[in-house]
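What follows is a short report on a single structure.
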Amino acid sequence: MTSTQTVLTGELRAVTRPHRFMARHASWIPVFAAVGILVAMVVGAQLYFGKFLTPRLVSSILLDNSYLLILAVGMTFVILTGGIDLSVGAVMSFTGMMGASLLRQGLPSSVVAPTMLATGAVIGLGVGVLVQYFDVQPFIASLAGMFLARGLGFVVSLNSIKVTDPPILWLQGTRLQAGSGWYITPTGIIALLVVLVGAGLLAYTRFGRTVYAVGGNEQSARLMGLPVARTKLLAYVVSGTCAGLAGVIFTAYTGAAYPLNGIGTELDTIAAVVIGGTLLTGGSGFVVGSMIGVFVYGMIKTIINFLGVDQSWTRITIGALLLLFVVVQRLIVARSARRR
Amino acid sequence: MKHRLFWPVVVLLALILVNTLSRPSFVSITVQDGRLYGSLIDILRNSAPLMLVALGMTLVIATRGIDLSVGAVMAVSGAVALQIIQDSGDAANPSVLAVAIGAGVLAGLVCGLWNGFLIAVLGIQPIIATLVLMLAGRGIALLITRGFITTINSDPYKFMAQGYVVGLPFAFYVSLAAIAIVAVIERRTALGVLTEAVGINPEASRLAGVRARGIIWGAYAASGLLAGFAGLLYSSNIMAADANAAGLYIELDAILAVVLGGTSLAGGTFSLAGTVVGVFTIQTLKSTITFLGVPPAVTPVFMAAVVVLVVLIQSSRFRRWVGRLGGRLSARSAQPVERTEVAS
């Protein structure tokens, strides 16, 4: 009898193992899909162009998109709670303007950079308070934040402000070489650190697990006694702080601040996060996925540069990819719902 | 007081009052060559594209959706129409104009049908489904105009946004017609009620025999169609198809107008009259800001203030909070006079 049982369970296990793997790691599947697309794009480009994948090019993708990577990490937190943050592009632009103006007045960058981060955090907190305490929809609340930051950027100055502060320019100008063309700038290191910290926060802290719980089902999370209000507020603060940090990085990247910087960046960020496999309904997704999403975005831009066609194709391709991913996610969700 | 249009109308009247007090010329309307001129007439004329877009947005929001792509759709329809006119080389030919206008409107309708397909048939979240077109639409418009800003010189086309009929701007008649048509279709047939039913509970209304899918699809198609018209008006106003600037941020203005008019973003009950009031409020606000000598670029700060104010007024929790505060104040004033003095 024991032997038949073992045989049975053995058989069962054999049948269900791939299924069980799928079920247990269902939320990773979109991330794998994003990795697959990234690899396919790289291989395709390599075959088409011949000399595509050089260390210099791979390094430049991180360099050119480090601000987007930071924004995407913050956005992941908000989307995981089931919200959305439209203010990130404008906050990045405004903190950049503010920082550049403060630097011009002679303040040291060791004071200015934390101020920029704090400003972003405060705007994020404002959005979070509207969402959490006044039941304003995240879309509208962050829209107000976006309008506010965009307008305040123009209040600082209508023209672009050049940044000459050495420490800020050092962030971008220093290229840490690592043989045969590989290089990384301090901005890239900061972005990767943000990814690391974000992933760690989500995976290993009480706050991170609560973020998933709130996004999965806010009502249940509340009934479980989890600090829902505090967690949602914090998610927006994280996003705002990331936007402030992105302001520092973007200022270093362009060497100047301009109030029209970052228009439409919030859409690029959301697209990158969704392509990276985070469900917009909340509760499922990973910071690492968002990083892959940003790389997909950067790769599309690079390939379109290589092809030499009109840059408007970038937006069209991003739109098409976004659609593809949303449909795929929709199928996955529908399938798991049916199984339940 | 309890009428739901009360607050939107009060806000609009207050804005007009402030304007009139700070510059009495605001309400004055002069007649020149049988045409009316003045700030109020400008508001009527300039609000036409926003009016069309906001009407469509009202229907979409009533189904518990949102349409972020309207600005991009405007860019596409303007680009299609102007490119046809430019390529024909005969900008005054009525048949060319008719084809161009028809094609522009059709482009808008196709965009709307596409959104509706993604949302009603594939079941994708509205915010994301329309985000796809919002991202891709401007790219498509740029492809149509081949990366340039297409400019044309055609008096009949110019007439749409800048012409006058019986003393009033033609664009105003366009928005009037749109309001009338949408109101008749939605309110003189059962469609409006069915739309509200779908917005309140799609599943329940489907079980009750309402064809929810068709109604949602139709709402997005209508929004696309109206955005198509708006794109034509916009391009006629500047006589150019600028794929990057056409309808930039108009989706936000439109959503704001709908919310200002008292339609909840949660779907269900909607108010077309409220949207009309909301559109005029936003247009008046913009003209106020310009008049105050604030650089147009700083306008968003005021918009942010208005958005926050409006959503706070609509938030039941905020109203309860204010009510409690008011209650506490009145309780305190009911107490003996000395206590009040100490407290203050």
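The values are calculated or read from the model by the stated rules, or taken from the named source; none is laboratory data. Since the model is a prediction, treat every value here as computed from it, not as a measurement. Neighbour counts are summed over all protein chains in view; Cβ atoms, including those assigned to glycine, are modelled from backbone coordinates with ideal geometry. Only protein heavy atoms, including side chains, enter the accessible area calculation; ligands, DNA and RNA are left aside. Shrake-Rupley method; radii C 1.70, N 1.55, O 1.52, S 1.80 Å.
Points worth noting:
- Given (1) small (Gly, Ala, Ser); (2) within 13 Å of B:THR288 (Cα to Cα); (3) over 22 Å from the mean Cα position of the chain (by Cα), number of the condition B:GLY34 does not satisfy: (2)
- Some residue of segment B:119-133 being in a helix (DSSP H, G or I), surrounded by fewer than 20 Cβ atoms within 10 Å (Cβ to Cβ) and under 19 Å from the mean Cα position of the chain (by Cα): yes
- Selected residue (only one of B:ALA120, B:ALA79 is within 14 Å of chain A (Cβ to nearest Cβ) and touching a strand residue (DSSP E or B) at 6+ places or on another chain (Cβ under 7 Å)): B:ALA79
- Residue list for segment B:1-60, filter: among the β-branched types (Val, Ile, Thr), open to solvent by 80 Å² or more (accessible area, probe 1.4 Å) and in a helix (DSSP H, G or I): B:VAL18
- For segment B:267-324, a residue qualifies if it is more than 19 Å from the chain's Cα centre (by Cα) and of a type in the set (D, E, K, R), and the qualifying residues are B:ARG317, B:ARG319, B:ARG320, B:ARG324.
- Scope segment B:137-151; condition open to solvent by 10 Å² or more (accessible area, probe 1.4 Å) and closer than 23 Å to B:LEU225 by Cβ; matching residues: B:ARG138, B:ILE140, B:LEU142, B:LEU143, B:ILE144
- When each of A:ALA90, A:ALA72 is tested for being within 14 Å of chain B (Cβ to nearest Cβ) and either free of Cβ contacts under 8 Å to residues at least 24 places away in the same chain or buried (at least 24 other Cβ atoms within 10 Å of the Cβ) (or both), the lone residue that passes is A:ALA90.
- Selection count where residues are more than 10 Å from every other protein chain (Cβ to nearest Cβ), surrounded by 24 or more Cβ atoms within 10 Å (Cβ to Cβ) and either of a type in the set (A, V, I, L, M, F, W, C) or not in a loop (DSSP other than H, G, I, E, B) (or both), scope segment A:267-291: 8
Table: residues versus (1) under 30 Å from B:ASN237 (Cα atoms); (2) among the charged types (D, E, K, R); (3) out of contact with any strand residue (DSSP E or B) (no Cβ under 9 Å at 6 or more places or on another chain).
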{"position": "B:ILE144", "(1), (2), (3)": "yes, no, no"}
{"position": "B:ILE152", "(1), (2), (3)": "yes, no, no"}
{"position": "B:LYS158", "(1), (2), (3)": "yes, yes, yes"}
{"position": "B:ARG211", "(1), (2), (3)": "no, yes, yes"}
{"position": "B:GLY214", "(1), (2), (3)": "no, no, yes"}
{"position": "B:TRP217", "(1), (2), (3)": "no, no, yes"}
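- Unique residue being among the polar types (S, T, N, Q), modelled with pLDDT of 90 or more and under 20 Å from A:LEU63 (Cα atoms) when the list is A:THR302, A:THR251, A:THR314, A:THR231: A:THR251
- If you go through segment A:39-62 and keep only what is of a type outside the set (A, V, I, L, M) and either open to solvent by less than 40 Å² (accessible area, probe 1.4 Å) or more than 26 Å from A:ILE189 (Cα to Cα) (or both), you end up with A:GLY44, A:GLN46, A:TYR48, A:PHE49, A:GLY50, A:LYS51, A:PHE52, A:PRO55, A:SER59, A:SER60.
- Residues of segment B:240-269 that are open to solvent by less than 20 Å² (accessible area, probe 1.4 Å) and in a loop (DSSP other than H, G, I, E, B): B:ALA243, B:ALA246, B:GLY247, B:GLY261, B:THR263, B:GLY267, B:GLY268.
- Summed over segment A:252-264, residues that are open to solvent by 10 Å² or more (accessible area, probe 1.4 Å) and either assigned to a helix (DSSP H, G or I) or away from chain B (no Cβ under 14 Å) (or both) total 4.
- In segment B:186-239, the residues that are acidic (Asp, Glu), open to solvent by less than 60 Å² (accessible area, probe 1.4 Å) and more than 16 Å from B:ALA54 (Cα to Cα): B:GLU196
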